[in-house]
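Novice: Below you will find the structure I want to go over with you.
What follows is calculated from the coordinates using simple rules that are stated; it is not laboratory data. Being a predicted model, the structure only gives us computed values, none of them experimental. Note: ideal-geometry Cβ built from the backbone for every residue, glycine included; neighbour counts use all protein chains shown.
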């Protein structure tokens, strides 16, 4: 009786440890993807902003300021579009990570359910 209980506790502990390791791997993978997306977005935004600032630093008269004005509107529009695209990509990664977590939880619950159902049957056969 004690051996059976001990084996079940060990099996449950092993399953919990494996689940935590898998969940950690899913979380780290999702974090890495999000970090890469944000880093690329930041890099692109900084490059665009520095290019624009260097152009505005060369303004000496009203005519040159007038030529920079449409570029500022374009920069603003491009930044907004990139922000939207990045937020969509981040949302996609978060959804995929959440689905991976739910699949892991579903598999864990099913395995625990099978173990609970099989234990009384195995004990009854002894």
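Novice: Between residue 58 and residue 76, what is the label-to-label distance in nm when each label sits 7 Å out along the Cα-to-Cβ direction?
Specialist: It works out to 2.3 nm between the two label points.
Novice: Give the label of the value calculated from the structure for Kirkwood radius over Cα pairs in Å, choosing from (i) 16.9; (ii) 14.3; (iii) 19.6.
Specialist: Here the calculated entry is (iii).
Novice: For the chain, take the longest principal axis of its alpha carbons; what is the angle in degrees between that and the long axis of helix 62-125, to the nearest 10 within 0 to 90?
Specialist: Its long axis makes an angle of about 0 degrees.
Novice: Another question, then. Could you give the length gained by full extension between residue 46 and residue 67, i.e. 0.36 nm per residue of separation minus their alpha carbon distance, to one decimal place? Show your work: numbers first, answer last.
Specialist: Numbers: separation 21, 0.36 × 21 = 7.56 nm, distance 2.13 nm.
Residue separation times 0.36 nm, minus the Cα-Cα distance, leaves 5.4 nm.
Novice: Report the Cα centroid-to-centroid distance between segment 7-49 and segment 61-110 in angstrom, as an integer.
Specialist: So the two Cα centres are separated by 20 Å.
Novice: If you don't mind, there's one more thing I want to ask. Based only on other Cβ atoms within 10 Å, what is the fewest-to-most ordering of 36, 63?
Specialist: Details: 36 12, 63 8.
Sorted ascending by nearby Cβ count, the order is 63, 36.
Novice: Now, a different point. For the chain, find the longest principal axis of its Cα atoms and tell me its angle to the long axis of helix 2-56, 0 to 90°, nearest 10.
Specialist: 0 degrees
Novice: Rank the residues 32, 58 as a footprinting-exposure proxy: fewest other Cβ atoms within 10 Å of their Cβ go first.
Specialist: Fewest-to-most ranking of 32, 58: 58, 32.
Novice: Once every DSSP H run of n ≥ 4 in the chain is given -39500 (n - 2.57) and the sum is divided by its residues, what mean residue ellipticity at 222 nm do you get, rounded to the nearest 500 deg cm²/dmol? Don't skip to the end; give the middle numbers.
Specialist: Values: 2 runs with 119 residues, N = 126.
Calculated from helices alone, the mean residue ellipticity at 222 nm is -35500 deg cm²/dmol.
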